[in-house]
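Working notes, beginning with the structure itself.
FYI, it's all coordinate maths here, none of it is from the lab. Just so you know, these numbers come straight off a predicted model, no measurement behind them. Neighbour counts are summed over all protein chains in view; Cβ atoms, including those assigned to glycine, are modelled from backbone coordinates with ideal geometry.
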Amino acid sequence: MTDVPSLSVVVASHGRPRSLRRCLTALSQSAFTRLEIIVVADKEGLEVVARMHRGQRIKTILQAAPNLSKARNDGIAHAAGDPGILCKDRSDG
């Protein structure tokens with residue numbers, strides 16, 4: 001059995017740490033075991049990841065200015081698995 005993720009989830013977040021926390025909580029409850037999570041966020045968002053997910057393998061990328069397309073592209077560039085899911089930290093807007 002391999003440890004390489006078969007699916008990568010790229011989560012883009014800027015200025016919404018509470019929404020990011022809810023999104024990561026939902027992803028952490030997935031039954032899918034070979035899931036890779038890549039968070040592209042501002043400093044505040046990356047602090048949420050650091051506090052919530054000690055010991056879990058989550059890749060983080062700092063993005064100081066909001067730019068959804070760039071965040072997704074940066075996340076895909078760092079994906080080890082198939083970049084199958086692109087999401088924001090909330091469903092509106």
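Points worth noting:
- Applying the criteria of a DSSP loop state and at most 10 other Cβ atoms within 10 Å to the trypsin sites (Lys or Arg not before Pro) of the stretch 1-87 yields Arg54.
- The chain: Cα Rg divided by the 2.2 N^0.38 Å rule of thumb: 0.99
- Principal-axis tilt of helix 17-28 within the chain, Cα atoms, nearest 10 degrees: 10
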